[in-house]
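Input: a single structure, listed below in structure tokens.
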Amino acid sequence: RHSALSDATGGLVKDAGGCGGWQVRAAPAGKAPPPGHYFQREVRGTPMSATFVANGRDAIVLGINQQLVQRIGARPFVFCGVVGPLPMDAALAQGVERAVRALAAEFELRGLGSLDFMHDGDAFAVLEVNPRPPASVALYRNQRPIAAHLRACREGVLPERAPQALTHGTEIVFARQPLRLGSAAARELAAQLQCHDLPRAGSVFAAGDPLCSVSAQGGSAEDVVAQLAGRRDAVLNRLER
């Protein structure tokens, strides 16, 4: 909403042009949001997303993912990674897909996008739809998402479903303290196949700055999350020596 909140308890203020959760704050009471911002009620549950491809009239969901979120300083909801696809209850998965298809048709969306939602027990609450290629695209390489994106945009053709045997994940590694990346450490990072988005030697980071990202794959979300945590800690322990 764009009007003042009489009770800000459980309210959030968001920058309409922001991304990655960096712009999300607790909402103030009695004040209208500043220009380009809006209020949103905080919802209980696990942050999740549905990766989809739309053709302007309909959409198909490639998979449902768990979003990884952490607090960095005064920012409580910073996006730091995503894991998927996840097995979901059939009724819930169908409900999410109905929401995706309805929004894709209503707003004539085309190409790759994602639907952010909160999962709480047997229910889910839609937060927002992102009409752009999401970070979760990296989890669906076997489905050739960029080719599907182009074909949906150019020809209006949606892809076939392609089940994946493994769960994939990616996580952004944020600096825990100020540091400078030396040449030897930069070479070590580059030699690790699970490390991506690599910084240059000599780069200087403040606490909370993104350093790189790590990836993993496994048979379950729990396995992948554990692998990501281990690889994240290994990167930080090496760089903070």
Enumeration of residues in the stretch 93-104 that are surrounded by fewer than 17 Cβ atoms within 10 Å (Cβ to Cβ) and of a type outside the set (G, A, S)
Q94, R98
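In this structure, is G18 surrounded by fewer than 14 Cβ atoms within 10 Å (Cβ to Cβ) and within 15 Å of the chain's Cα centre (by Cα)? Steps first, please.
Working: surrounded by fewer than 14 Cβ atoms within 10 Å (Cβ to Cβ): yes; within 15 Å of the chain's Cα centre (by Cα): yes.
So G18 fits the description; yes.
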Given the criterion under 20 Å from R75 (Cβ atoms) and loosely packed, with under 14 Cβ neighbours inside 10 Å, identify the matching residue among A206, A190.
A206
Where residues in the stretch 27-81 are closer than 28 Å to A207 by Cα and of a type in the set (K, R), which of them is surrounded by the fewest Cβ atoms within 10 Å (Cβ to Cβ)?
R71
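Tell me which residues, restricted to the stretch 84-123, are of a type outside the set (A, V, I, L, M, F, W, C) and touching an Asp or Glu at 6+ places or on another chain (Cβ under 7 Å). Let's see the steps before the verdict.
Initially, the stretch 84-123 is screened for residues of a type outside the set (A, V, I, L, M, F, W, C), giving 84-85, 87, 89, 94-95, 97-98, 101, 106, 108, 110-111, 113-114, 116, 119-122.
Within the stretch 84-123, R101, D116 qualify.
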Counting only residues that are of a type in the set (F, W, Y) and assigned to a loop (DSSP other than H, G, I, E, B), how many does the stretch 155-191 have?
0
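Here is a check on your reading of the model: is V235 more than 20 Å from Q67 (Cβ to Cβ), touching a Lys or Arg at 6+ places or on another chain (Cβ under 8 Å) and β-branched (V, I, T)? Show your work before the answer.
Values: more than 20 Å from Q67 (Cβ to Cβ): yes; touching a Lys or Arg at 6+ places or on another chain (Cβ under 8 Å): no; β-branched (V, I, T): yes.
When the stated conditions are applied, V235 does not pass them.
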Take the residues in the stretch 119-138 that are in a loop (DSSP other than H, G, I, E, B) and of a type outside the set (G, A, S), then tell me which one is farthest from G156 (Cα to Cα).
D122
Determine the pairs where a residue that is over 14 Å from V96 (Cβ atoms), located within the stretch 115-137, has a partner that is in a helix (DSSP H, G or I) with Cβ atoms under 7 Å apart, the partner being 6 or more residues away or on another chain.
P133/H149; V137/P145
C212 fails exactly one of (1) in a helix (DSSP H, G or I); (2) touching an Asp or Glu at 6+ places or on another chain (Cβ under 6 Å), namely (1)
Of the residues that make up the stretch 147-162, is at least one farther than 30 Å from G208 by Cβ, modelled with pLDDT under 95 and either open to solvent by 40 Å² or more (accessible area, probe 1.4 Å) or among the hydroxyl-bearing types (S, T, Y) (or both)?
yes
Mind checking whether some residue in the stretch 87-102 is at pLDDT 95 or above, within 16 Å of the chain's Cα centre (by Cα) and not polar (S, T, N, Q)?
no
Kindly list, by first and then second residue, each pair from a residue in the stretch 1-28 that is modelled with pLDDT under 75 to a residue that is open to solvent by 80 Å² or more (accessible area, probe 1.4 Å) and among the acidic types (D, E), limited to pairs with Cβ atoms under 7 Å and residues at least 6 apart or on different chains.
G10/E42
Could you please tell me which pairs satisfy a Cβ distance under 7 Å, a separation of 6+ or placement on different chains, a first residue in the stretch 220-241 that is closer than 18 Å to A175 by Cβ and part of a helix (DSSP H, G or I), and a second residue that is open to solvent by 20 Å² or more (accessible area, probe 1.4 Å) and not hydrophobic (A, V, I, L, M, F, W, C)?
R231/Q194; L236/R176; R238/E188
The stretch 105-132: number of residues that are open to solvent by less than 50 Å² (accessible area, probe 1.4 Å) and either within 18 Å of Q40 (Cα to Cα) or modelled with pLDDT under 95 (or both)
8
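The values are calculated or read from the model by the stated rules, or taken from the named source; none is laboratory data. Remember, it's a predicted structure, so these values are computed and weren't measured experimentally. Neighbour counts are summed over all protein chains in view; Cβ atoms, including those assigned to glycine, are modelled from backbone coordinates with ideal geometry. Accessible surface areas use protein heavy atoms only, side chains included; no ligands, DNA or RNA. Shrake-Rupley method; radii C 1.70, N 1.55, O 1.52, S 1.80 Å.
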